[in-house]
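The values are calculated or read from the model by the stated rules, or taken from the named source; none is laboratory data. Since the structure is predicted, the reported quantities are computational estimates derived from the model, not experimental observations. Methodologically, a virtual Cβ is constructed for each residue, glycine included, from the backbone with ideal geometry; neighbour enumeration extends over all protein chains shown. The accessibility values were calculated without ligands, DNA or RNA, using every heavy atom of the protein model including side chains. Shrake-Rupley method; radii C 1.70, N 1.55, O 1.52, S 1.80 Å.
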Amino acid sequence: ARLEVHPQPQKPPKIEKIIEKLKSDEWSDQNDSINELNNSLDQLIQGVNTNLREIVTSLLECSASLRSMLAKNALNCLQKMIKSKSIDFEPISDMCASSLLQLITAHKSKHFIYELSGDTFAALIESISVNKATDILKNEYQRKHDDARAKVAFCISSLVQRTNDFSPLLKPLVSLVQDRNPDVRKQAKSAVVYMKAKSPSFNQLLAATF
(Lines give C-alpha, C1' and ligand atoms only; values in the text may rest on other atoms or scores of the structure.)
Protein backbone atom coordinates (compact mmCIF):
# COMPACT_ATOMS: atom_id res chain seq x y z
CA ALA A 1 0.00 0.00 0.00
CA ARG A 2 1.21 3.46 -0.84
CA LEU A 3 1.83 5.86 2.00
CA GLU A 4 0.09 9.18 1.49
CA VAL A 5 2.23 12.14 2.37
CA HIS A 6 0.22 15.00 3.80
CA PRO A 7 1.97 18.38 3.72
CA GLN A 8 2.53 19.89 7.14
CA PRO A 9 0.41 23.00 7.75
CA GLN A 10 2.57 26.07 7.37
CA LYS A 11 3.45 27.79 10.61
CA PRO A 12 2.55 31.47 10.73
CA PRO A 13 5.52 33.85 10.62
CA LYS A 14 6.83 35.05 13.96
CA ILE A 15 5.50 38.49 14.92
CA GLU A 16 8.99 39.59 16.01
CA LYS A 17 10.32 38.91 12.49
CA ILE A 18 7.44 40.85 10.94
CA ILE A 19 8.07 43.86 13.19
CA GLU A 20 11.79 43.74 12.41
CA LYS A 21 11.15 43.71 8.64
CA LEU A 22 8.50 46.45 8.95
CA LYS A 23 11.27 48.73 10.28
CA SER A 24 13.71 47.82 7.51
CA ASP A 25 15.28 50.51 5.33
CA GLU A 26 14.43 48.35 2.32
CA TRP A 27 10.91 48.98 1.05
CA SER A 28 10.74 45.43 -0.40
CA ASP A 29 11.32 43.98 3.10
CA GLN A 30 8.61 46.26 4.49
CA ASN A 31 6.23 45.17 1.75
CA ASP A 32 6.97 41.47 2.37
CA SER A 33 6.28 41.86 6.09
CA ILE A 34 2.97 43.67 5.39
CA ASN A 35 1.90 40.82 3.09
CA GLU A 36 2.84 38.25 5.74
CA LEU A 37 0.90 40.15 8.39
CA ASN A 38 -2.10 40.52 6.10
CA ASN A 39 -2.16 36.85 5.10
CA SER A 40 -1.63 35.46 8.61
CA LEU A 41 -3.49 38.04 10.70
CA ASP A 42 -5.94 35.57 12.26
CA GLN A 43 -3.09 33.42 13.61
CA LEU A 44 -1.10 36.44 14.82
CA ILE A 45 -3.80 38.23 16.83
CA GLN A 46 -2.14 37.74 20.23
CA GLY A 47 1.22 39.08 19.04
CA VAL A 48 -0.44 41.95 17.19
CA ASN A 49 -2.38 43.01 20.30
CA THR A 50 0.77 42.87 22.43
CA ASN A 51 2.73 45.03 19.96
CA LEU A 52 -0.15 47.05 18.51
CA ARG A 53 1.24 50.58 18.88
CA GLU A 54 4.60 49.59 17.40
CA ILE A 55 3.03 47.76 14.44
CA VAL A 56 0.50 50.51 13.67
CA THR A 57 3.16 53.23 13.87
CA SER A 58 5.26 51.32 11.32
CA LEU A 59 2.24 50.74 9.06
CA LEU A 60 1.38 54.44 9.16
CA GLU A 61 4.97 55.31 8.23
CA CYS A 62 4.75 52.89 5.27
CA SER A 63 1.39 54.45 4.33
CA ALA A 64 3.16 57.79 3.87
CA SER A 65 5.65 56.25 1.43
CA LEU A 66 6.04 57.74 -2.03
CA ARG A 67 5.98 54.16 -3.33
CA SER A 68 2.30 53.71 -4.15
CA MET A 69 2.32 49.92 -3.81
CA LEU A 70 3.80 50.05 -0.31
CA ALA A 71 1.42 52.80 0.82
CA LYS A 72 -1.59 50.95 -0.59
CA ASN A 73 -0.64 47.60 0.99
CA ALA A 74 0.05 49.23 4.37
CA LEU A 75 -3.34 50.98 4.40
CA ASN A 76 -5.18 47.82 3.31
CA CYS A 77 -3.48 45.88 6.10
CA LEU A 78 -4.25 48.58 8.65
CA GLN A 79 -7.90 48.66 7.59
CA LYS A 80 -8.13 44.87 7.91
CA MET A 81 -6.72 45.12 11.45
CA ILE A 82 -9.15 47.91 12.36
CA LYS A 83 -12.10 45.83 11.14
CA SER A 84 -10.99 42.78 13.10
CA LYS A 85 -13.20 42.24 16.16
CA SER A 86 -10.19 40.77 18.00
CA ILE A 87 -8.00 43.90 17.93
CA ASP A 88 -8.79 46.87 20.19
CA PHE A 89 -7.76 50.17 18.57
CA GLU A 90 -9.34 52.35 21.23
CA PRO A 91 -6.11 53.03 23.21
CA ILE A 92 -4.23 54.23 20.10
CA SER A 93 -7.15 55.72 18.19
CA ASP A 94 -6.13 59.39 18.73
CA MET A 95 -2.70 58.84 17.20
CA CYS A 96 -4.09 56.69 14.41
CA ALA A 97 -6.90 59.10 13.50
CA SER A 98 -4.60 62.12 13.37
CA SER A 99 -2.12 60.31 11.11
CA LEU A 100 -4.84 59.07 8.75
CA LEU A 101 -6.28 62.58 8.32
CA GLN A 102 -2.76 63.79 7.54
CA LEU A 103 -2.44 61.05 4.90
CA ILE A 104 -5.71 62.14 3.23
CA THR A 105 -4.13 65.50 2.44
CA ALA A 106 -0.64 64.13 1.70
CA HIS A 107 -1.92 61.68 -0.93
CA LYS A 108 -4.33 64.05 -2.70
CA SER A 109 -2.55 63.54 -6.05
CA LYS A 110 -2.80 59.73 -5.79
CA HIS A 111 -6.54 59.29 -5.87
CA PHE A 112 -6.86 55.63 -4.84
CA ILE A 113 -4.51 56.04 -1.84
CA TYR A 114 -6.27 59.28 -0.87
CA GLU A 115 -9.61 57.39 -0.95
CA LEU A 116 -8.13 54.47 1.00
CA SER A 117 -6.80 56.81 3.71
CA GLY A 118 -10.28 58.32 4.13
CA ASP A 119 -11.96 54.91 4.17
CA THR A 120 -9.50 53.70 6.82
CA PHE A 121 -10.22 56.77 8.98
CA ALA A 122 -13.96 56.13 8.67
CA ALA A 123 -13.45 52.44 9.58
CA LEU A 124 -11.48 53.49 12.67
CA ILE A 125 -14.25 55.85 13.85
CA GLU A 126 -16.80 53.09 13.25
CA SER A 127 -14.79 50.52 15.23
CA ILE A 128 -14.31 52.48 18.46
CA SER A 129 -16.77 53.53 21.16
CA VAL A 130 -19.16 56.43 20.58
CA ASN A 131 -17.50 58.46 23.36
CA LYS A 132 -14.01 58.01 21.95
CA ALA A 133 -15.17 58.68 18.38
CA THR A 134 -16.92 61.86 19.57
CA ASP A 135 -13.74 63.09 21.30
CA ILE A 136 -11.67 62.52 18.16
CA LEU A 137 -14.13 64.26 15.83
CA LYS A 138 -14.41 67.22 18.25
CA ASN A 139 -10.61 67.54 18.19
CA GLU A 140 -10.19 67.21 14.43
CA TYR A 141 -13.01 69.23 12.84
CA GLN A 142 -10.88 72.38 12.44
CA ARG A 143 -8.29 70.72 10.21
CA LYS A 144 -6.67 73.09 7.72
CA HIS A 145 -7.34 70.96 4.63
CA ASP A 146 -10.84 70.79 3.13
CA ASP A 147 -10.66 67.03 2.45
CA ALA A 148 -9.86 66.23 6.08
CA ARG A 149 -12.76 68.41 7.32
CA ALA A 150 -15.09 66.75 4.79
CA LYS A 151 -14.14 63.31 6.11
CA VAL A 152 -14.70 64.46 9.71
CA ALA A 153 -18.14 65.80 8.73
CA PHE A 154 -18.94 62.50 6.98
CA CYS A 155 -17.95 60.58 10.13
CA ILE A 156 -20.08 62.84 12.33
CA SER A 157 -23.01 62.00 10.06
CA SER A 158 -22.30 58.27 10.53
CA LEU A 159 -21.78 58.63 14.28
CA VAL A 160 -25.14 60.37 14.72
CA GLN A 161 -26.77 57.09 13.70
CA ARG A 162 -25.04 55.30 16.61
CA THR A 163 -25.97 57.70 19.42
CA ASN A 164 -28.88 59.64 20.88
CA ASP A 165 -26.67 62.20 22.66
CA PHE A 166 -25.83 64.80 20.02
CA SER A 167 -24.92 67.66 22.32
CA PRO A 168 -21.09 67.17 22.16
CA LEU A 169 -21.24 67.22 18.34
CA LEU A 170 -23.35 70.35 17.93
CA LYS A 171 -20.56 72.92 18.15
CA PRO A 172 -18.36 71.22 15.52
CA LEU A 173 -21.41 70.69 13.33
CA VAL A 174 -22.52 74.34 13.40
CA SER A 175 -19.02 75.30 12.27
CA LEU A 176 -18.93 72.66 9.50
CA VAL A 177 -22.39 73.58 8.16
CA GLN A 178 -21.00 77.09 7.52
CA ASP A 179 -17.67 75.86 6.10
CA ARG A 180 -16.20 77.56 3.03
CA ASN A 181 -16.01 74.22 1.20
CA PRO A 182 -19.23 72.91 -0.42
CA ASP A 183 -18.41 69.23 0.18
CA VAL A 184 -17.83 69.87 3.89
CA ARG A 185 -21.14 71.75 4.10
CA LYS A 186 -22.97 68.94 2.27
CA GLN A 187 -21.66 66.24 4.66
CA ALA A 188 -22.43 68.38 7.72
CA LYS A 189 -25.98 69.07 6.52
CA SER A 190 -26.54 65.30 6.17
CA ALA A 191 -25.64 64.95 9.84
CA VAL A 192 -28.16 67.66 10.76
CA VAL A 193 -30.87 65.83 8.79
CA TYR A 194 -30.15 62.62 10.74
CA MET A 195 -30.16 64.52 14.05
CA LYS A 196 -33.51 66.16 13.32
CA ALA A 197 -35.01 62.80 12.36
CA LYS A 198 -33.84 61.21 15.61
CA SER A 199 -34.56 64.09 17.94
CA PRO A 200 -37.84 66.05 17.78
CA SER A 201 -36.35 68.55 20.25
CA PHE A 202 -33.31 69.24 18.05
CA ASN A 203 -33.94 73.00 17.78
CA GLN A 204 -34.27 73.39 21.55
CA LEU A 205 -31.08 71.36 22.00
CA LEU A 206 -29.30 73.65 19.55
CA ALA A 207 -30.56 76.76 21.31
CA ALA A 208 -29.42 75.43 24.68
CA THR A 209 -25.92 74.77 23.36
CA PHE A 210 -25.23 78.37 22.27
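Observations on the model:
- Linear extension gain, Ser109 paired with Trp27, 0.36 nm per residue minus alpha-carbon span: 27.4 nm
- Partners of Lys171 within straight-line reach, counting aspartates and glutamates whose Cα lies under 16 Å from its Cα and excluding those fewer than 8 residues away in the same chain: Asp135, Glu140, Asp179.
- Most fluctuating residue given options Asn164, Asn139, Asn76, as computed from a GNM of the chain linking Cα atoms under 10 Å: Asn164
- Val130 versus Met69: modelled label distance in nm, points set 7 Å from Cα along the beta carbon direction: 4.5 nm
- Within the range 12-51, trypsin sites (Lys or Arg not before Pro) in DSSP loop having at most 12 other beta-carbon neighbours inside 10 Å: Lys14
- Heavy-atom accessible area, probed at 1.4 angstrom with all protein chains present, ranks Met195, Met95, Met69 as Met69, Met95, Met195, highest first.
- Sparse-neighbour loop sites [GluC sites (Glu not before Pro); the range 17-84; at most 12 other C-beta within 10 Å; DSSP]: Glu26
- Listed candidates (1) 1.22; (2) 0.93; (3) 1.15 - label of the one calculated as Cα Rg over 2.2 N^0.38 Å: (1)
- Modelled FRET efficiency - R0 35 Å, Asp42 with Lys144, Cβ distances, 0.05 increments: 0.35
- Here the accessible area of the chain is 48 percent carbon and sulfur, with a 1.4 angstrom probe and all protein chains present.
- Only Lys, Arg (+1) and Asp, Glu (-1) charged, at Cβ; the range 64-210 dipole about Cα centre in debye: 320 debye
- Contact order relative to length of the range 120-210, as percent, for alpha carbon pairs under 8 angstrom and 6 or more apart: 28 percent
- Debye, to nearest 20: dipole size of the range 5-148, +1 on Lys, Arg Cβ, -1 on Asp, Glu Cβ: 120 debye
- In this structure, the residue pairs whose Cα-Cα separation is over 24 Å, taken from Lys151/Lys198; Lys14/Lys83; Lys144/Lys196; Lys108/Lys196, are Lys144/Lys196; Lys108/Lys196.
- Charge context of Asn76, other residues only, Cβ under 13 angstrom, K/R +1, D/E -1: +1
- Loop-located trypsin sites (Lys or Arg not before Pro) in the range 145-210 (DSSP state not H, G, I, E or B) with no more than 16 neighbouring Cβ atoms inside 10 Å: Arg162, Arg180.
- Computed extension length for Ser201-Glu16: 61.2 nm, one decimal, from 0.36 nm per residue of separation with the Cα-Cα distance subtracted.
- Neighbour net charge for Ile113 - beta-carbon separation under 15 angstrom, K R +1, D E -1: +1
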